[in-house]
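Asker: I'd like to ask you about the structure that follows.
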Amino acid sequence: MKITSNTAVTLRMKVTDSQGLVYDDGKNPVSYLHGDYDNLFSKLEAALEGQEAGFQTTLELATEDTFGERDEALVTTMPKADFPPGVKVGGQIQRLGPDGERRYYFVTKIKGPVVLLDGNHPLCGKTLRFALKVVDVREASAEEIAHQHVHGEHGHQH
């Protein structure tokens, strides 16, 4: 079966940066719903269109095609007294961003009475290389299409 709109695709996807640092070794398969559902970067989805199980490719995507450039306006602090208990460095909290929208911030450092937060994705500002192998392609269920993601093994669990 070919990868087309509304197919459930299972991939092994190794992700590295331009220096070869591995962010995902690709050992655990991931599944996504193909067809402009924003479940995969659009350039990766375009490269997979029309392919079948067994297809392999490697693509390098520029910053603007993945997580974008770093936005220093998303680096901020908060008083430790206002910080939720139990969250540690490396954890995330939700709060309003400079645009007034709720977003996730990574806790980067706790220094005395101040907590340093970063609302940028950890991989923003990086050129990323994706080594892809299509493991399986099947028709998506009506429920998966309605929910706009794959269910079950390697997909979203409800």
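The values are calculated or read from the model by the stated rules, or taken from the named source; none is laboratory data. Treat the numbers as computed from the prediction; the structure is a model and nothing was measured. Glycine also receives a Cβ, built like all others from the backbone with ideal geometry; neighbour counts cover every protein chain displayed. We work out accessible area using only protein heavy atoms, side chains counted, and drop any ligands, DNA or RNA first. Shrake-Rupley method; radii C 1.70, N 1.55, O 1.52, S 1.80 Å.
One line per residue, one yes/no per condition, for (1) open to solvent by less than 50 Å² (accessible area, probe 1.4 Å); (2) among the β-branched types (Val, Ile, Thr); (3) at pLDDT 90 or above; (4) not in a helix (DSSP H, G or I):
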{"position": "GLN51", "(1), (2), (3), (4)": "no, no, yes, yes"}
{"position": "GLU60", "(1), (2), (3), (4)": "no, no, yes, yes"}
{"position": "THR77", "(1), (2), (3), (4)": "no, yes, yes, yes"}
{"position": "VAL87", "(1), (2), (3), (4)": "yes, yes, no, yes"}
{"position": "GLN94", "(1), (2), (3), (4)": "no, no, yes, yes"}
{"position": "LEU117", "(1), (2), (3), (4)": "yes, no, yes, yes"}
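Asker: A further question on this structure: In segment 146-157, is there at least one residue being surrounded by 11 or more Cβ atoms within 10 Å (Cβ to Cβ) and more than 29 Å from SER31 (Cβ to Cβ)?
Answerer: No, there is no match, as no residue in segment 146-157 is surrounded by 11 or more Cβ atoms within 10 Å (Cβ to Cβ) and more than 29 Å from SER31 (Cβ to Cβ).
Asker: While we're on this one: Suppose we filter ARG70, ARG102 for residues that are among the basic types (Lys, Arg), open to solvent by 80 Å² or more (accessible area, probe 1.4 Å) and either more than 20 Å from the chain's Cα centre (by Cα) or farther than 21 Å from TYR23 by Cβ (or both); which single one remains? Full working, then the answer.
Answerer: Working: ARG70 fails: either more than 20 Å from the chain's Cα centre (by Cα) or farther than 21 Å from TYR23 by Cβ (or both).
Being among the basic types (Lys, Arg), open to solvent by 80 Å² or more (accessible area, probe 1.4 Å) and either more than 20 Å from the chain's Cα centre (by Cα) or farther than 21 Å from TYR23 by Cβ (or both) holds for just one of ARG70, ARG102, which is ARG102.
Asker: If you check every pair at least six apart or on different chains, which have Cβ atoms under 7 Å apart with a residue in segment 89-116 that is in contact (Cβ under 8 Å) with a residue 40 or more places away in the chain first and a residue that is part of a strand (DSSP E or B) second?
Answerer: As it stands, the answer is LEU116/THR77; LEU116/THR108; LEU116/LYS109, since those pairs meet every condition given.
Asker: When the residues of segment 4-49 are filtered to those that are in a strand (DSSP E or B) and acidic (Asp, Glu), which remaining residue is least open to solvent (accessible area, probe 1.4 Å)?
Answerer: ASP17
Asker: Being in a strand (DSSP E or B) and under 22 Å from LEU48 (Cα atoms) is the requirement here; does ARG103 meet it?
Answerer: Considered against the rule, which asks whether it is in a strand (DSSP E or B) and under 22 Å from LEU48 (Cα atoms), ARG103 comes out as no.
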